[in-house]
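The block underneath contains the structure these notes are about, expressed in structure tokens.
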């Protein structure tokens, strides 16, 4: 079970969240932050800026799920803090790759 399955309509967002032991919370965040994800006590907590449009919220959820799927949350070294843009770009490119490779019926 992965993002490809979600984007191709094979599973629901709820099913993927359950699979990744993740939950979504909508909160007030600074305008320049769409969302973030971090693990705590075995749960992947996704926080989404409540002021975003419906479409932007959905896009941000997919982006944060990509971080989980790409194992960005468990980098052994702390490189993620120093090379944040690298991981943000990788998540975006991964989503683009999945969207370009979904077979449309």
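Are any of the residues in the stretch 52-62 crowded, with 17+ Cβ neighbours inside 10 Å, at pLDDT below 95, touching a helix residue (DSSP H, G or I) at 6+ places or on another chain (Cβ under 8 Å) and under 21 Å from residue 99 (Cβ atoms)? The answer is no; no qualifying residue exists.
Quick one: which residue in 24, 11 is surrounded by 15 or more Cβ atoms within 10 Å (Cβ to Cβ) and not in a strand (DSSP E or B)? Walk me through it before giving the result.
Values: 24 fails: not in a strand (DSSP E or B).
From the options 24, 11, the qualifying one is 11.
The values are calculated or read from the model by the stated rules, or taken from the named source; none is laboratory data. These figures come from a predicted structure and were not determined experimentally. Positions of Cβ are backbone-derived with ideal geometry, glycine not excepted, and every protein chain shown enters the neighbour counts.
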